[in-house]
Amino acid sequence: MKIISIVNNKGGVGKTTSAQSIAAGLNKFANARVLVIDLDAQASLTKSFGIAHAGLKKDSGSFITGEYEFDEIVKRVGEIDILPGSAEMIHREDTIKSAPIFPFNLRIALEKVKDRYDFVIIDCPPALYGNTRLALVSCHQYYVPLQAEFLSYEGLRNFLVYSAEIKKSVHQPILAEYSQHGIILK
């Protein structure tokens, strides 16, 4: 199972659209089994797949915390499985961060489903903390969508510094293989 995170600390650059398009492309053209994870409390990816998120209690955050089992949370749209996001994720953030396994929470949780999927695509919030950190520690690759403008490049520089700091601070050999990244210009 290959895990790809779509990240940028700037909003409105196409993270959600990229995540959805990459997932659809892998499923359709590579016939891959794909899981999409919405780690953003705004739940834009969830909405993009037509899943009602208002009042949703079982979301990707509740999977990470272990409150609910994977099969109780996952939604299927066409051929793609989705762990939805919801506003409730904000309330789980402290629980996730205070766990002794942080920032490996998501990576450990995904071990339970590693034989079910070829790819996991993670849509991150527009921020450099908490859930983005979980995604970066968990992924094999990350892509940074950005607009071709000065402020986007400044944000990219900040993100790359953050990413490098995470790799150093984790001190785990598992991150050695998790060093590929790419940039998607919009």
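The values are calculated or read from the model by the stated rules, or taken from the named source; none is laboratory data. All values derive from a computational prediction rather than experimental measurement. Because the Cβ atoms are built from the backbone with ideal geometry, glycine has one as well, and the counts that use them run over all protein chains shown. For the accessible areas, the whole protein counts, side chains as well, though only heavy atoms, and no ligand, DNA or RNA atoms are used. Shrake-Rupley method; radii C 1.70, N 1.55, O 1.52, S 1.80 Å.
What are the membrane-span-like helices in the chain by this rule: whole DSSP H runs, Cα extent along the axis at least 24 Å, mean Kyte-Doolittle hydropathy at least -1.0? Please report the intermediate quantities before stating the final value.
On the way: long enough: 150-170 (31 Å, 0.17).
Long hydrophobic helices here: 150-170.
How far, in nm, would the chain grow between residue 98 and residue 69 when pulled straight, counting 0.36 nm per residue and subtracting the alpha carbon separation?
Working: separation 29, 0.36 × 29 = 10.44 nm, distance 2.02 nm.
Length difference between fully extended and current span is 8.4 nm.
Would you please give the residues with an amide H less than 5 Å from that of residue 32, counting only those at least 5 places away or on a separate chain, with H modeled from the backbone geometry?
Counting only residues 5 or more places away or on other chains, the set is 27.
Below 15 angstrom from the Cβ of residue 98, what's the summed charge of the other residues (Lys, Arg +1; Asp, Glu -1)?
That sum, taken over residues with Cβ under 15 Å, equals 0.
In nm, give the distance between the simple-model label positions of residue 127 and residue 151, each being 7 Å from the Cα along the Cα-to-Cβ direction.
Result for the modelled spin labels: 2.0 nm.
Can you give the helix-only mean residue ellipticity at 222 nm for the chain, where every DSSP H stretch with n ≥ 4 adds -39500 (n - 2.57) and the sum goes over all residues, rounded to the nearest 500 deg cm²/dmol?
Values: 8 runs with 76 residues, N = 186.
Theoretical 222 nm ellipticity from helices: -12000 deg cm²/dmol.
Ignoring any ligand, DNA or RNA, what whole percent of the accessible area of the range 1-69 comes from carbon and sulfur when the probe is 1.4 angstrom?
The computed percentage sits at 49.
What's the local net charge at residue 160, with K and R +1, D and E -1, over the other residues with C-beta under 12 Å away? Don't skip to the answer; put the middle values down first.
Numbers: positive: 157, 167; negative: 154, 165.
Computed value for this residue: 0.
With each label point set 7 Å from Cα along the Cα-Cβ vector, what nm distance links residue 77 and residue 116?
Going by the 7 Å Cα→Cβ label model, 1.8 nm.
Among 134, 110, 35, which one shows the highest mean-square fluctuation when the chain is modelled as a Gaussian network with alpha-carbon springs under 10 Å?
Most flexible of the set in this elastic network: 110.
Rounded if a/c is under 1.5, else prolate if a/b is larger than b/c, else oblate: which is the range 83-122, with a ≥ b ≥ c the root eigenvalues of its Cα gyration tensor?
Oblate, because a/c is 1.5 or more while a/b does not exceed b/c.
Along the charge dipole of the range 54-114, pointing to its positive end and built from +1/-1 on Cβ of Lys, Arg, Asp and Glu, which listed residue (56, 103, 87) has its Cα farthest out?
It is 103, whose Cα lies furthest towards the positive end.
In sequence order, what are the phi-derived ³J(HN,Hα) couplings for the range 52-66 according to the Karplus relation 6.51 cos²θ - 1.76 cosθ + 1.60 with θ = phi - 60°, rounded to whole Hz, with x for glycine and proline?
Per residue, the Karplus-derived 3J(HN,Hα) values read 5, 10, 4, x, 5, 9, 9, 9, 4, x, 6, 6, 4, 7, x Hz.
Note the full-extension length gain between residue 29 and residue 141 as 0.36 nm times their separation in residues minus their Cα-Cα distance, in nm to one decimal.
38.4 nm
Hey, which of these cross-link pairs are over 31 Å Cα-Cα: 75/168; 2/97; 112/168; 57/168; 47/112?
Distance filter (> 31 Å) returns 75/168; 57/168.
About its Cα centre, what dipole magnitude does the chain give when the only charges are +1 on Lys and Arg Cβ and -1 on Asp and Glu Cβ, stated in debye to the nearest 20?
It works out to roughly 300 debye.
Taking square-rooted eigenvalues a ≥ b ≥ c of the alpha carbon gyration tensor, is the range 44-128 rounded, prolate or oblate, where a/c under 1.5 means rounded and, failing that, a/b exceeding b/c means prolate?
Note, shape of the range 44-128 comes out oblate.
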